[in-house]
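> Have a look at the structure that comes next, please.
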Amino acid sequence: MLRVILTVVVAAISTVSVCLGADIPPQRLHAATMSENSQSLYYWKTTPAGPTAELLTLFCQSHPSGNDLDNVNNSDNGVPLVAVLRDTLGDDDPKNDRVTYVWLLTYERPTLPQRMLSAVPFFYWRVGQGSKSVDSHDTAPLLDLTAPVHPVVSGIGRDLLQWTTLDPMITPIRATSRAYRTNELDQERLHLEEAIGYLREAPISDDGPALTENQLNTILARLELRKKLMGGLVNERRAARLGEEADLEQERIRSRNWELLRQCAEKTDLLFEPIDVAGASGQYAVVWFPLKTSFESHGTSITPIWKLLNIRNPWTDDRLKEWSGRTYKREVDENGSLLPLGTPGARQLELVPLGVYSLNYPKQPLLLVDFRDKLHVREHEMTQRTINEITSGVIGISHFTNWYYYVAADLYDFVRARHGGAVDQAGRLDCYSQFRVALALDSRLDPQFRTEMQSRVESWAVNPLEAAPGREMQNAVLRYARLQTEIENDGSLIARIDKDRRAELAAFGETKKAHFAQAVLHDGSFGLYTHRAKKDPANLATLDCYRRVQYHLQVIDSLVSAGTQPEVAYDSSRIQTSILELSGLMSNVHSPEVRAHVQASLLRLRDLSQDTALQSGCSLAIAELNRKNNAVRAATASGVVASVLTAETAK
Amino acid sequence: MKRRLSPILPVICSLLIATSFGFAQENPTKHVRRLVILKVDGLNADLLHRTMRETDAATGKSRLPWLSHIFAEHGTIFENFYTRGISLSAPSWSMLDTGRHAIIRGNVEYDRYTGHVYDYLNFFPFYLGYARSRQVDMPGVEVLDRAGIPLLIDAFPYSQRFQSFQLFQRGVRWPTLEHVLEHRFSSKVLFSIIESAGAPPLDELLSEETEKEIKQAMRKPEIFYLDFYTGDIDHEGHATNQPAALLDSLRRLDGLAGRIWTAIQASPLSNETLFVTVSDHGMNNVPGVFSQAFSLPDFFNSPQGGAHHVVTNRHQLSDYKIMGLNPLVQRVTTPSTASFYLASDAAHYPTAWLDLDGNERASVQLRNSDLNKIHILLLQLVRPELPQNVRTAVVACLTETVDRHRAAWTGTAGQLEEEMRALQQAIQARKKMIQTQPKTWRTGQREEGADKAARRNADELENWQREYSEYNSYLSHLKALLALHLDAQHPFRAKISELIPELALGDNNTVGDLQNYVAGPAAGGLVLDSGGRLDQQRSFIHVNYFAQLSEQRARNNPQPALSSRPIDFIAMRLPKGANADDSGAPAHAYWLYGDEENQLLILSDDSSHIAVKPIQHLTQDEHGRINWAPQQWRAGLPLHLFEDENLHLPAATERAAWLSAWHAESEWLQAVHMCGYSNGVISIVEYLSPVRDDVPGPPGLDLILLRYERRRRELVQADFHVFAADHWNFNARNFNPGGNHGAFFRISTHSVWMVAGGGVPTGVIDEPYDSLNFASTLLALTGRTPPMPERVVISQ
């Protein structure tokens, strides 16, 4: 109930705010046509990162003219979007490759004034375009795949700080700190989703200069999981699977929304048209209103449809009867269906765009642009944010002590969602994030139509930390150039790769508990302490060995986890090769955990197999492992083998 | 009507099989004692076989290594196995599970006299009914039991079988659901939720639990029948057409098959176990093409569609309604805002009942046109201001309408009365029998299923009592109509609801009714002709449904691959006697209407011979006579047989002559199975044939009660059936953009049948077969009596 009352109060506040925020004057629109192209515009470019790693950069072919990127001076005629560091250990064998960092090149570090404004409660405007320069801090990766647990620990720490220290303080501190934290999290999510959006369009290849499917799925999953507080705890194997599932689910959502929007248009005598924005096919659609036509009752109530479409009934909108805005002339066939551009039709219709929808939002198409009401979408966003700020920031309603409020709020949202309300704020932010950059990258849509959409989608920008997409694109080129200097032989990134490798060496064979403890220590010391192996010329070879062990172990584990004859699902000669290679590599592995793991997997593999050659291969490998285990035990007892790993404090 | 294969067919089959198995390593002489069936809903055979043949570069093996290993390398694959009838789950599984002709012909069926809903797909009311000891079997099983048609599983004693959760399910194993819930709240799942990786859905957990149980059951040598049903592939196929998503589902299925096969090999009866994989229908999934829905409820709600209040079995766009969450819903009425005469009566008089669950096909039941006319006229007679001359004309018209039906209604009333008396006797006898049944059951009796059998008797009694009340109610209305005496001088004062039954449709509409359907009073009111009689043409709004439906066009059709005509054709059976064939042979006739110019007649005789005639302009006059104009074979007719390049006819045969001539069903199957509409010709006959001929009744059933059972089945038959054009569907509940099934497209009917183990030889059979071959063959292989011996494909 409180939420409903707040909605009313806040609606009044936000209306005032919205009026203040109306920074784009109405303009007279002229007829134009649209053009589309669904051809993939994304490609990878590989650059060596020292002798043992490579930087893969995802580019988008862009815009001959007409958008924010005109000023970008780029010889490739493409915008660098995402960079990924692949640590290859200097060879061509993908078995020992690791993807370690992901950079969102369009990431715009907020300026100090932006940060200050973001701490002001009820301030919902983007100020300026964002920074014009890129400094050395701006090449920090968006995602560090080598340490997914670190953001979990720091996230929990910051939440604890908020709940235990800041929330009990006076209202201004609570409200300010919460406003800042909310904006910061939204900004992070915006960029995570931006990176996801780009990477979903990225080509994959098993042997070419692109990420493999598994690598891409892992990155996508890690980016998705990063949006969730505990997401970093998911292990790597599961993460790849989650990435694959998320991708499939996204396609399901799109096709469902596509059909829902088409049906809504059909029921209401409107026209539905999918559009490709920056090569993103099937993600957006426009609903058109045919001027000078009338609506005949179909015998069913169409009121719920307007709720779903989140627009007012155009058939009763007087403004459309005397529409003075931009109209588009399109050819239609004898059934009134829109024809592709350039196709002669039975007649011509004059159309008004009603809305642009994202088909990526779960459950229903999300209205991104309302062409009749510029402030409609913004109003909604601001209302929800204001409610949240009043409840948690000003009043201080807590999830722990006032849980009943949140239960009631969730119930209210559930009912609204069942009636077609887009209540998922994070989901809306994701859709906005993708659309704003897609529009900035696009060069195929009709320029005027795109400009009209861009001006209207600006109304979504309610986070002071946000930068203008055009500025982000411009800075992406600068950031890419800076990153390239860092991957030169003496660049800072090369040193960082070495540190990461030593951390990986130290972590190999660690128990989960130890691993988590190291992460806590790392975060507890604000990153000053990191568990690493000593510098050693043999490190590269050792790491190569460890990674290969992990690779083969993963192959064998995936076979034994099925609980069926392995040689049926996997070529037995390949299994045999894996066993042999693993057996050979294990002589260099001293971790008792890893050795026990390998032994258990081989035993299980032998039990499951009915291939005598494979069984004997397993038996030999187990015998060899046992022999070495005994030797290691004896050596350890005599103190010959000392730990090769030590901790060092990093600066 | 009996449909028998040509007597020489088994011989031909044997020869073909012998040829196919010429390279077989094993001799099928081992005795099959145990059956393990993997039932996969909605698995298209083309997709499966193609994927099985592909090699996965990452593993060096088939993309579906286990299915290839089990069936391609060690079993038999029926390459051309088709759904017979419509490619819908409930009818298809009913044929696979019984080996008999389909008496269930939709996923939901409505009784025209009582409005009773037979909802075959909804598990929730069944679970609830089972928990309340009101129900022991799924609705489909109840229908088959009443018709005297045993399931394949019934060939095995209760204690010898393990049945998973499925559409034709006997009983519920509560421990399975209990373990699923336990697992749902296990620490492993909770940790997964905390990790933000989400929890596995309940159906996945149910699948895991069932797998565990089937493996345990396989260790028991006394279990001879086991099955595992999965609907995952069907769900995925509806949701998406992405090859990656479908491959992912297939891989899961492959893993499941591998684990079951591994468990079979480790079981005590491994050498005597036959492992079977079967699917009920295919799925019209084409990458890059979304399936688009055409809303039939909207059409029937609209003035041009008759402004009906429409009944469906689920809420439309159910995801956007709180009511859509109700899992027990069976009947939803969508009122028309344009209703011509029943504006405030949507709850009582919905006049169009739709089964849309077919997706690519919908069955339509409309209230009898004359019942509409009577209702409209009674509403007019209620009006005190009705002019006297009009009142007199209305009374005359109404009396004439009732009189036209008097003979038929009197016959129906007499027979129904007789049946109700017999039913009442059966109820009394059953009550006595139930009183003698024990109230508690020993463990041994429970293991034999005696408690379930007793509950089944009690459930049947409850159903009988409900039916007795509902049919008597209809009967009383019918009698009231027959006894109606109208006063032409005064307004009508009796309750209309006592004459016109609520939630009932009356008798089926004829072709003539549907071509001239009375949908409401004319906008200008009732009009008299020069003779003072009611001018019926001008007094009522008439709808020609065939023309209206075929003229429907989609405005929002952004995919060039799809026709703007969402409706492919309409099918209905023509009445016997009105359609004598040229040869004068007794025949059933089935009419396929594409549009006025493009129509087909499919004729069948009692020995399963079929002929197809191209016709146009079929009409039925007011005397019931059906007329049409024959035409030459040409492209563009329904089923597109003439122009189909995959039509395989005997050498030197002229297409038109062959298609118009009478051929045995098997010859038709050989000729058309590779065509775009696969076995559509045969399936139309299976789907639309008089259902009463396929209801044998339980052994020893009283003849009057047998007639009653047959009537009940006839009463759920639709007026007509609408088939969607390629990649269109009629789903109204939510969205199936991935793909659909239900029609006769080869991609929708091409199903999977593969067997391995138990001495079955290795090979691929190209000979086309359909659903009727499945159960008979399996029962024959296990040494049991097949329901249709002539349909046995492989025997011991």
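> When you go through (1) modelled with pLDDT of 95 or more; (2) closer than 30 Å to B:Arg404 by Cβ; (3) surrounded by fewer than 17 Cβ atoms within 10 Å (Cβ to Cβ); (4) out of contact with any Ser or Thr (no Cβ under 9 Å at 6 or more places or on another chain) one by one for B:Glu622, which number turns out not to apply?
(1)
> Related question: For the range A:510-532, does any single residue satisfy the condition of being crowded, with 20+ Cβ neighbours inside 10 Å, in contact with a helix residue (DSSP H, G or I) (Cβ under 8 Å, 6 or more places away or on another chain) and assigned to a loop (DSSP other than H, G, I, E, B)?
yes
> Looking for something over 20 Å from the mean Cα position of the chain (by Cα) and either at pLDDT 90 or above or in a loop (DSSP other than H, G, I, E, B) (or both) - is there at least one such residue anywhere in the range A:134-151?
Taking every residue of the range A:134-151 in turn, at least one turns out to be over 20 Å from the mean Cα position of the chain (by Cα) and either at pLDDT 90 or above or in a loop (DSSP other than H, G, I, E, B) (or both).
> With respect to B:Gly358, determine if the residue is out of contact with any helix residue (DSSP H, G or I) (no Cβ under 8 Å at 6 or more places or on another chain) and either modelled with pLDDT under 95 or not polar (S, T, N, Q) (or both).
In short, yes.
> Among the numbered criteria (1) within 14 Å of chain B (Cβ to nearest Cβ); (2) within 28 Å of the chain's Cα centre (by Cα), which single criterion is violated by A:Asn335?
Of (1) within 14 Å of chain B (Cβ to nearest Cβ); (2) within 28 Å of the chain's Cα centre (by Cα), only one is false for A:Asn335: (2).
> Residues in the range A:230-279 that are more than 7 Å from chain B (Cβ to nearest Cβ), under 19 Å from B:Phe299 (Cα atoms) and of a type in the set (D, E, K, R): how many?
The qualifying residues number 1.
> For B:Ile233, are the conditions met, namely being in contact with a Leu (Cβ under 6 Å, 6 or more places away or on another chain), under 30 Å from B:Gly288 (Cβ atoms) and crowded, with 18+ Cβ neighbours inside 10 Å?
Against the criterion (in contact with a Leu (Cβ under 6 Å, 6 or more places away or on another chain), under 30 Å from B:Gly288 (Cβ atoms) and crowded, with 18+ Cβ neighbours inside 10 Å), B:Ile233 qualifies.
> Next question. Could you grab me the full set of residues in the range A:150-207 that are of a type in the set (D, E, K, R) and closer than 22 Å to A:Gly527 by Cα?
Once the filter is applied, which keeps residues that are of a type in the set (D, E, K, R) and closer than 22 Å to A:Gly527 by Cα, the range A:150-207 yields A:Arg158, A:Asp159, A:Arg181, A:Glu184, A:Glu188.
> If a residue must be surrounded by 13 or more Cβ atoms within 10 Å (Cβ to Cβ) and either aliphatic (A, V, I, L, M) or over 32 Å from the mean Cα position of the chain (by Cα) (or both), how many such residues does the range B:407-424 contain?
5
> Please enumerate the residues belonging to the range B:516-556 that are charged (D, E, K, R) and within 22 Å of B:Ala571 (Cβ to Cβ).
Passing the criteria: B:Glu551, B:Arg553.
> Now, a different point. For the subset of the range B:261-296 comprising residues that are farther than 30 Å from B:Gln548 by Cβ and among the hydroxyl-bearing types (Ser, Thr, Tyr), which member is nearest to the other protein chains (Cβ to nearest Cβ)?
Looking at residues that are farther than 30 Å from B:Gln548 by Cβ and among the hydroxyl-bearing types (Ser, Thr, Tyr), I get B:Thr262.
> Taking the stated definitions as given, is B:Asn544 more than 14 Å from every other protein chain (Cβ to nearest Cβ) and either within 25 Å of the chain's Cα centre (by Cα) or under 30 Å from A:Asp269 (Cα atoms) (or both)?
yes
> Scan B:Pro696, B:Pro650 and give me the residue that is out of contact with any His (no Cβ under 7 Å at 6 or more places or on another chain), at negative phi and modelled with pLDDT under 95.
Just one listed residue meets the conditions, B:Pro650.
> Among the hydrophobic types (A, V, I, L, M, F, W, C), surrounded by 23 or more Cβ atoms within 10 Å (Cβ to Cβ) and within 14 Å of chain A (Cβ to nearest Cβ), is that true of B:Ala732?
So B:Ala732 passes the test.
> Residue check: is B:Asn516 assigned by TED's automatic domain parsing to the domain that holds B:Leu381, touching a strand residue (DSSP E or B) at 6+ places or on another chain (Cβ under 9 Å) and modelled with pLDDT of 95 or more?
yes
> Which residue is nearest to A:Ala147 (Cα to Cα), if the candidates are limited to the range A:509-525 and must be touching a residue at least 24 places away in the same chain (Cβ under 8 Å) and charged (D, E, K, R)?
Residue satisfying both the conditions and the ranking: A:Asp523.
> Take the range A:482-497 and flag every residue that is surrounded by 14 or more Cβ atoms within 10 Å (Cβ to Cβ) and under 27 Å from the mean Cα position of the chain (by Cα).
Once the filter is applied, which keeps residues that are surrounded by 14 or more Cβ atoms within 10 Å (Cβ to Cβ) and under 27 Å from the mean Cα position of the chain (by Cα), the range A:482-497 yields A:Arg482, A:Leu483, A:Gln484, A:Glu486, A:Ile487, A:Leu493, A:Ile494, A:Arg496, A:Ile497.
> Sticking with this structure for a sec: Quick one: how many residues across the range A:304-326 are within 14 Å of chain B (Cβ to nearest Cβ) and touching a residue at least 40 places away in the same chain (Cβ under 8 Å)?
6
> A further question follows. Looking at the range A:152-161, is at least one residue among the aliphatic types (A, V, I, L, M) and free of Cβ contacts under 8 Å to residues at least 24 places away in the same chain?
Within the range A:152-161, one or more residues are among the aliphatic types (A, V, I, L, M) and free of Cβ contacts under 8 Å to residues at least 24 places away in the same chain.
> Just one of (1) facing another protein chain (nearest Cβ under 8 Å); (2) closer than 15 Å to B:Leu43 by Cβ; (3) crowded, with 22+ Cβ neighbours inside 10 Å trips up B:Gly258, so point out which.
(2)
> Related question: How many residues are surrounded by fewer than 24 Cβ atoms within 10 Å (Cβ to Cβ) and either of a type in the set (Gly, Ala, Ser) or more than 12 Å from every other protein chain (Cβ to nearest Cβ) (or both) when one looks only at the range B:297-309?
1
> Which numbered condition trips up B:Asp248, out of (1) acidic (Asp, Glu); (2) within 13 Å of chain A (Cβ to nearest Cβ); (3) buried (at least 21 other Cβ atoms within 10 Å of the Cβ)?
Of (1) acidic (Asp, Glu); (2) within 13 Å of chain A (Cβ to nearest Cβ); (3) buried (at least 21 other Cβ atoms within 10 Å of the Cβ), only one is false for B:Asp248: (3).
> Answer yes or no as to whether B:Gly324 is within 14 Å of another protein chain (Cβ to nearest Cβ), of a type outside the set (D, E, K, R) and either in a helix (DSSP H, G or I) or surrounded by fewer than 16 Cβ atoms within 10 Å (Cβ to Cβ) (or both).
yes
> Also: Exactly one condition in (1) out of contact with any Gly (no Cβ under 7 Å at 6 or more places or on another chain); (2) over 30 Å from B:Asp370 (Cα atoms); (3) in contact (Cβ under 8 Å) with a residue 24 or more places away in the chain is false for B:Lys452; which is it?
Here B:Lys452 clears every test but (1).
> Select, from A:Glu224, A:Glu213, A:Glu188, the only residue that is in the same structural domain as A:Val99 (by TED's automatic domain parsing), without any contact (Cβ under 8 Å) to a residue 40 or more places away in the chain, in contact with a helix residue (DSSP H, G or I) (Cβ under 6 Å, 6 or more places away or on another chain) and not aliphatic (A, V, I, L, M).
A:Glu224
> Filter the range A:352-366 down to the residues that are crowded, with 19+ Cβ neighbours inside 10 Å and within 13 Å of chain B (Cβ to nearest Cβ) and list them by number.
Within the range A:352-366, A:Leu359, A:Lys363, A:Gln364, A:Pro365 qualify.
> Identify, please: which residue in the range A:570-610 is of a type in the set (Val, Ile, Thr) and touching a residue at least 12 places away in the same chain (Cβ under 8 Å) and is, among those, nearest to the other protein chains (Cβ to nearest Cβ)?
If we take residues in the range A:570-610 being of a type in the set (Val, Ile, Thr) and touching a residue at least 12 places away in the same chain (Cβ under 8 Å), then A:Ile575 is nearest to the other protein chains (Cβ to nearest Cβ).
The values are calculated or read from the model by the stated rules, or taken from the named source; none is laboratory data. Everything numeric here is computed off the predicted structure, so don't read it as measured data. All Cβ positions, glycine included, derive from the backbone under ideal geometry; neighbour counts span all protein chains shown.
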